[in-house]
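A short worksheet on the structure shown next.
Values quoted throughout were computed directly from the atomic coordinates according to the rules given, and no laboratory measurement underlies them. Computed from a predicted model, the values in this text were never measured in an experiment. Positions of Cβ are backbone-derived with ideal geometry, glycine not excepted, and every protein chain shown enters the neighbour counts.
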Amino acid sequence: MADAADRRDFDPATATIAIVTFNRSHLLARLLTSLTRMDPQPGHVVVIDNASTDDTTEVVESFRERLTAELVYRRLDTNTGGSGGFSEGMRVAYELGSEWIWLMDDDVEVIPDGLAKMGRWAPRFQSIQGRRYDYDGSEFYWQYRIAERMGIPIPFAPAGFDESGFKPMNSGCFEGMFIHRDIVRQIGLPDPRFFIYWDDQLYGWLASRRTTSVIVDEFVLRRTREIKQWDMGVRHMNASSNAYRYYIMRNRSIIKQYYRSLGVYNPVLFGLGTALTFAKELIRLLFVERTVRGTSNLFRGLRDGRAIARDRSWRPMPALD
């Protein structure tokens, strides 16, 4: 872990927290309240509103005088999904000159010393993921490694930490990704074409190709929304939705295009990853949601993904050089 001298090298004022929200003003209010208790405070808080129809605007404005950080609010004209929201949040934070960008959804709250904990690692790494408490206060396990050629998470990567306090990762999660502007400059903004799902895993993988990405043994966030789960003992499987099922399968083709462009695409292994993803979603339907309805969205996602995979004009997100 970084020593006391190293910690002085991190200036919290150079960090921006970028939040994406959509029609969950009650959760957003809880998150913003947690930011008022933070010590230290970031330089900016950016809120990207995906065209909410509730009282999100009023809630955000009510915190403008309560936050020490400068509050920047952007209400989009249409709902661009989490992917579009995080892409815009990253763009705004980058253009503000932020050295560090901390991404999060609206259904978490920040531990008061969360930024200080992340800052302890900032002198050593440029792509950092902290840990999170689940809704019930338990320690949430996040699948921080992927089987690269298959493009899927490794569900049983070791959960424990050694005395170093960190583990290398090759994935990412926008619920707490802490990333330096130099890496954003090199890999570009998150890809809004995903709409939802796989966007953060792919972005974290891109970052890990440019720098040593790590997950650190620091609890910095707490989930504030309960999600139906299947308890598998050491792991949980969350409930999903028809929209998620569709994009889970459709967006495999966007990952395929990235893999092709970077020369790592293996059709056999990637096809196996797609088959395992499909099987996992069937298990989710049966054991978490206890239904077989929804499988049509998986097939529809596969079908629509073929057009993406065949698009010869497709290009990855450009660098910000």
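Can you pull out every residue in region 163-186 that is of a type outside the set (Phe, Trp, Tyr) and buried (at least 23 other Cβ atoms within 10 Å of the Cβ)?
Going residue by residue through region 163-186, those that are of a type outside the set (Phe, Trp, Tyr) are 163-165, 167-173, 175-177, 179-186.
MET169, SER171, GLY172, GLY176, MET177, ILE179, VAL184 - these are the residues of region 163-186 that are of a type outside the set (Phe, Trp, Tyr) and buried (at least 23 other Cβ atoms within 10 Å of the Cβ).
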For this session: Sort through SER138, SER171 and tell me the only one that's under 30 Å from ALA13 (Cβ atoms) and of a type in the set (Ser, Thr, Tyr).
Result: SER171
For this session: Restrict the check to region 283-294 and report whether at least one residue is surrounded by fewer than 15 Cβ atoms within 10 Å (Cβ to Cβ) and within 27 Å of LEU206 (Cα to Cα).
Result: no
Seminar exercise, completed: TYR73 vs (1) over 15 Å from GLU175 (Cα atoms); (2) touching a residue at least 60 places away in the same chain (Cβ under 8 Å): all pass except (2)
Exercise. Taking GLU148, is it farther than 26 Å from GLU88 by Cβ and of a type outside the set (Ser, Thr, Tyr)?
Worked result: yes
Exercise. Of the residues in region 133-150, how many are under 15 Å from GLY204 (Cβ atoms), touching a residue at least 40 places away in the same chain (Cβ under 8 Å) and either in contact with a Ser or Thr (Cβ under 7 Å, 6 or more places away or on another chain) or basic (Lys, Arg) (or both)?
Worked result: 2
